[in-house]
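Notes to accompany the following structure.
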Amino acid sequence: MGWLLLLAPILSLGGCVGPPGWLANSGPSAARVAQEPQATPPIPVIDVSDEVARNLLKAQAHATFADTLASGGAPADLLLGPGDVLSVSVWEAPPAVLFGAGTVADQHSASTSRATTFPDQMVAADGTIDIPFAGTIVATGRSARQVEAEIVKRLSGKANQPQVLVSLSRNASSNVTIVGEVTQSMRMPLTAKGERVLDALAAAGGVRQPLGKVTIQLSRGEAVHSMALDSIVQDYRQNVRLQNGDVLAALYQPLSFTALGATGKNDEINFEAQGITLAQALGRINGLQDARSDARGVFIFRFEDGKLVKSDGAPLPTTPDGTVPVVYRMNLRDPRSFLIAQDFPIHNRDVIYVANAPSAELQKFLTILSSSVYSIYSVIHINP
């Protein structure tokens, strides 16, 4: 019975309530994750319900170009600005009394009209151009038609029935900057056509990565909006009209989540820019390990938008960038959870963790115990 005395210290490590704490493990148990954290304020653990999943999906669906950037209607006239090069021509009805540089024959009458075309002129830094006999004209913030009307007004009474044509020879102030994973980064001048997102990408030679892997980021003023290129191509409403000063970036940043614990595969998994659901994510990691996993302990660790987390008046832990660390918990023992998982969106940098089942911990302990007993028994019989 001496071998029992040698075994006693090993048994004592297990205590009287279950497997010992020194057993190797891939992470905390489901109970350990769900218990009240010691941090102040505590990190919320939220059970995933149909309402929670739908609210998260709804919040994610709002971030579309059609909702936040669509201008609608016909494109507005381009407004002139410093650096634009203008061509200005002035016509006088006969008999011309002010300009006499050249003549343009009227095909329908014997009369002729006088036409004068001035050298191309760049809009100055102060936003003005100079026209003979009309003086200094403010061009910045006006359309070409408005500048035409201003010149006609200034020449009235000096020229005989003046008519003015102002055309934009070179557009330097109304453009969109295109950068990122495109064939050629560029500044694309805008025209009266009203270019859209896909027009800009086509002008830059298209993207260099698969459509499903590219996110389009559109910066307008202080606001930055992002959307999967795939979604823009498939939904014409998302192909919004661009505005002067927009910055369009094609980003190849494969979104990913990390799978840990008792899953079929522990790895960092990339997913498409349009996003995936929890059900799809579980499929890509080969589901849960039957022999190890606790189906009641499926957790998603995430830094969530604080607006989406209900605090019930209690303070929430907040990161410097304003997000809230949250743990979502799902019980896959409930058949309804597989329907809910089809609506629960996975975000970039999420961590999906599946805890070990208590029975797996017990089995691991018994395996080690059995191995220890056999080793001691062999030593005693070899060296009686």
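Please treat every number below as a calculation from the coordinates, not as lab data. All figures in this text were calculated on a predicted structure; none of them were measured in a lab. FYI the Cβ positions are ideal-geometry reconstructions off the backbone, even for glycines, and counts take in every protein chain you see.
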query = Taking Lys265 as the anchor, which lysines have their alpha carbon closer than 26 Å to its alpha carbon, excluding any fewer than eight residues away along the same chain?
reply = Lys213, Lys364
query = Once amide H atoms are built 1.01 Å from N in the peptide plane, which residues 5 or more positions from Asp84, or in another chain, come under 5 Å H to H?
reply = Val123, Ala172, Ser173
ask   = How large is ³J(HN,Hα), in whole Hz, for each residue of the stretch 336-346 in order, when computed from phi with the Karplus curve 6.51 cos²θ - 1.76 cosθ + 1.60 and θ = phi - 60°, using x for Gly and Pro?
value = 5, 5, 6, 6, 5, 4, 6, 10, 7, x, 8
task = Work through the residues other than Ser169 whose Cβ is under 11 Å from its Cβ and net out their charges, Lys, Arg +1 and Asp, Glu -1.
result = -1
query = Under 16 Å from the Cα of Lys307, which lysines turn up, not counting those fewer than eight places away in the same chain?
reply = Lys58
Global form of the stretch 143-279, assessed from the alpha-carbon gyration tensor, a/c cut-off 1.5 = prolate
note = Note, Val247: beta-carbon cut-off 11 Å, +1 each Lys/Arg, -1 each Asp/Glu, net +1
Whole-Hz ³J(HN,Hα) from phi, Karplus 6.51 cos²θ - 1.76 cosθ + 1.60, for the stretch 142-157, glycine and proline x = 10, 8, 4, 5, 5, 5, 4, 4, 5, 5, 4, 4, 5, 8, 4, x
message = Taking the alpha-carbon distance from Lys158 and a cut-off under 17 Å, which aspartates and glutamates remain once sequence neighbours fewer than 8 residues away in the same chain are dropped?
response = Glu92, Asp130, Glu148, Glu150
